[in-house]
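Below: the structure, in structure tokens.
The values are calculated or read from the model by the stated rules, or taken from the named source; none is laboratory data. What you see is a predicted model, and the numbers here were worked out from it, not measured in a lab. Neighbour counts are summed over all protein chains in view; Cβ atoms, including those assigned to glycine, are modelled from backbone coordinates with ideal geometry. In case anyone asks, the SASA skips ligands and DNA or RNA and just uses the protein heavy atoms, side chains included. Shrake-Rupley method; radii C 1.70, N 1.55, O 1.52, S 1.80 Å.
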2 protein chains.
Amino acid sequence: MKARVHVTLKPGVLDPQGKAIEHSLSDLGFEGIGGVRQGKFIEIELAETDAAKAEAMVEEMCKKLLSNVVIENYSIELEWLKGV
Amino acid sequence: MKARVHVTLKPGVLDPQGKAIEHSLSDLGFEGIGGVRQGKFIEIELAETDAAKAEAMVEEMCKKLLSNVVIENYSIELEWLKGV
């Protein structure tokens, strides 16, 4: 199955990348932009077929490698692939 | 309203960040990983209240700034915020 992980900065944590995008959009003439936050999006293909085990494994990956739990939140979605 | 944009590398485009994550996960002892791809996730708060106009605006942002259309795909989701 495929796991989709979103890693985003926690609210209140300064996001310079998001601010840079916001300023660039404003410079390009886009109006009415209230705020921009940038995060990471990671897709992982897994051989595991048990959804509960897969979720537990991906959660461990998030804690150990994919996110910094002090300043970032993560969310996990699982998707079945055809024929798996 | 809020726009959520996913920017991902097109299939076939080499993803060194994804490969680095894949190797690190493997080094950490995770097994059965078929592949990892990393993309960007951008949340934009918009003052625009018309969904069609908002989508057109965000699509223009993607083409002009948020993605490199030669090597990246983008997808846009719109979400209504309470009270907007």
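Think of the axis that spins chain A onto B; the A residue whose C-beta lies nearest it, and the distance in whole Å, is A:Phe41, 2. Measuring nothing but protein heavy atoms, the accessible surface of the protein assembly as shown at 1.4 Å probe radius is 52 percent carbon and sulfur.
The slack between B:Ala56 and B:Val69, meaning 0.36 nm per residue of separation minus the straight C-alpha distance, is 3.1 nm. Once the Cα atoms are used to define both axes, helix B:16-27 deviates from the longest principal axis of chain B by about 50 degrees. Extension gain, A:Ser26 to A:Thr49: 0.36 nm times the residue separation minus the Cα-Cα distance gives 3.7 nm.
Across identical copies of the chain, A:Val13 has label-point separations of 2.5 nm, listed in ascending order, with the point defined 7 angstrom from Cα along Cα→Cβ. A point 7 Å from Cα along Cα→Cβ stands in for A:Asp27, and the other copies hold the same point at 3.6 nm, listed in rising order.
Sites listed here are trypsin sites (Lys or Arg not before Pro) in chain B whose DSSP assignment is loop and whose Cβ has at most 16 other Cβ atoms within 10 Å: B:Lys82. Close lysine pairs were tallied over segment B:2-79: pairs 8 or more places apart or on different chains with Cα atoms under 16 Å apart number 8. Accessible area buried by the pairing of B and A, both sides summed with a 1.4 Å probe, works out to roughly 2500 Å². The value obtained for the protein assembly as shown, namely the Cα convex hull volume divided by the number of residues, is 135 Å³ per residue. For B:Lys64, inter-copy separations between label points set 7 Å beyond Cα along the Cβ vector come to 4.5 nm, shortest first. Size descriptor for chain B, Kirkwood hydrodynamic radius: 14.7 Å (Cα pairs only, one decimal).
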